[in-house]
Amino acid sequence: MKTAISPVLFLCGLLVSSANAHHSAAPHFDLTKTIEIQGAVTKFMFVNPHAYIYFEVANASGKPTEWRCELSARAALERQGWTANMFKPGEKIKVTGSPARREDNVCYTTNITMADGRTLGRDQRVTTTATTITTSAPTSQKATRTARLADGHPNLEGFWVSQGGPGGPPGGLGEASGPSGPGGMGFGPPGVNFAGAMGGPPVGPGAGMSPGPAQTTAGTAAAKLYDQRFDDPAIKCNPANIIFGWTHDQNVNKITQGKDEIVLTYGYMDFVRTIHMNMTEHPKKITPSTGGHSIGKWEGDVLVVDTIGFLPGVLIPLSGLMHSDQLHVVERFSVDNSAGTLTREYRGEDPLYLQAAYTGKDVQSLSAKPYTPYNCVELSGKNNMRPDKN
């Protein structure tokens, strides 16, 4: 049943429905409501982590009012054939979506109906030539790829992309575990049960989720201060941490391998990590950072990376699993050249915030597409700001 609301914005109606829930949309948009807004396009911001379409809607007096409605990330839309010039200024559109919780004239886009009647879904493929993410390199690239570098160590160099869903591989390809056991929903680091984030009003950090190891009293206290609606690192164009960013949204990563250092360039947020191969111990003084300080060594054909020196932060942004500056992460990278895969196993220990280790595994494949800069431009505005900062 449609309930009429103010004609000022030419809203065609308000439906109370079970909107399609997005893994991070519910805290920011009221997915129990559906609105339709008609207007003329003013601009299309084709950016990461979310593209936005801006359009003007005439109010009752004829004065234009600007709306902006969120879409998926540019990187995801490009894989479906979307381009930066697909919406022209002045073009008439109708947007179906859900209203923002804390800002007027903002919505979560479900569908866009063009002037000629065509309807585009939020993540719909728009051309027959568009290709989904390619998780394997062409045979010629595999054939010319050397299994080892001149120094005899396995060749990790190249472009790599996560197997599986938007946030990481589901099932056996990407597992994170703790007392709650293994799992994987494909959003964020695998192993998180996102039932608590699917629709309904905003909830407290971690409500309805089983993110892995239980937190200590100090960790629980830190989690109470974290609110994903306003504190999610993505709002600040930050990758959150070295575990989460490596697989998030299937962005293409790049590895550059040298004798004294190995550089990991994350496709998500353009985050760069340097693994120091010419050091056996961490410096006594480390400036804390999101990526910490990493030293690496070879154990046979496995690259073992030891990282400390983190700023306090969040391990899983959606659930609020926090970590302190005592976090210690050990990663083990191994490559299978015949399969064209790179496997990372990780173990994070934090005696201050976590009662047990946070462990998991992810698998990446050689990518047919190269790394391209993420170029984060955050446009969420007041909807992602605490009311006292509006």
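Go over the candidates 342, 379 one by one and state the one that is touching a residue at least 40 places away in the same chain (Cβ under 8 Å) and either more than 29 Å from residue 54 (Cβ to Cβ) or in a strand (DSSP E or B) (or both).
The conditions single out 342.
Rundown of residues vs (1) within 25 Å of residue 75 (Cβ to Cβ); (2) out of contact with any helix residue (DSSP H, G or I) (no Cβ under 9 Å at 6 or more places or on another chain); (3) surrounded by 16 or more Cβ atoms within 10 Å (Cβ to Cβ), yes/no style:
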residue	(1), (2), (3)
251	yes, no, yes
256	yes, yes, no
265	yes, yes, yes
269	yes, no, yes
272	yes, yes, no
278	no, yes, no
285	no, yes, no
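Within the range 68-89, identify whether any single residue is open to solvent by 20 Å² or more (accessible area, probe 1.4 Å), farther than 29 Å from residue 270 by Cβ and without any contact (Cβ under 8 Å) to a residue 40 or more places away in the chain, and answer yes or no.
no
Say we look at the range 46-66 and pick out the residues that are in contact with a Leu (Cβ under 8 Å, 6 or more places away or on another chain) and assigned to a strand (DSSP E or B); which of these is surrounded by the fewest Cβ atoms within 10 Å (Cβ to Cβ)?
Looking at residues that are in contact with a Leu (Cβ under 8 Å, 6 or more places away or on another chain) and assigned to a strand (DSSP E or B), I get 65.
Give me the pairs: first residue in the range 47-60 and under 17 Å from residue 79 (Cα atoms), second residue aromatic (Phe, Trp, Tyr) and buried (at least 20 other Cβ atoms within 10 Å of the Cβ), beta-carbon distance under 6 Å, and six or more apart or on different chains, which are they?
If the second residue must be aromatic (Phe, Trp, Tyr) and buried (at least 20 other Cβ atoms within 10 Å of the Cβ), the pairs left are 48/374.
From the list 211, 190, pick out the single residue that is modelled with pLDDT under 90 and either open to solvent by 20 Å² or more (accessible area, probe 1.4 Å) or hydroxyl-bearing (Ser, Thr, Tyr) (or both).
211
Taking the range 332-376 on its own, how many of its residues are closer than 28 Å to residue 222 by Cα and either open to solvent by 40 Å² or more (accessible area, probe 1.4 Å) or not charged (D, E, K, R) (or both)?
The number of residues fulfilling the criteria is 17.
Going by the structure shown, is residue 43 open to solvent by 30 Å² or more (accessible area, probe 1.4 Å), touching a Pro at 6+ places or on another chain (Cβ under 9 Å) and modelled with pLDDT of 95 or more?
yes
Starting from residues that are open to solvent by less than 30 Å² (accessible area, probe 1.4 Å) and assigned to a loop (DSSP other than H, G, I, E, B), keep the ones in the range 287-298 and report whichever is nearest to residue 238 (Cα to Cα).
291
Hey, among 306, 301, which residue is open to solvent by 30 Å² or more (accessible area, probe 1.4 Å), charged (D, E, K, R) and within 30 Å of residue 220 (Cβ to Cβ)?
306
The values are calculated or read from the model by the stated rules, or taken from the named source; none is laboratory data. Owing to the predicted nature of the structure, the values given are computational and were not obtained by experimental measurement. Reconstructed Cβ throughout: ideal geometry from the backbone, glycine too, with neighbour counts over all protein chains shown. To get the accessible areas, we keep the full protein, side chains included, count just its heavy atoms, and leave off ligands, DNA and RNA. Shrake-Rupley method; radii C 1.70, N 1.55, O 1.52, S 1.80 Å.
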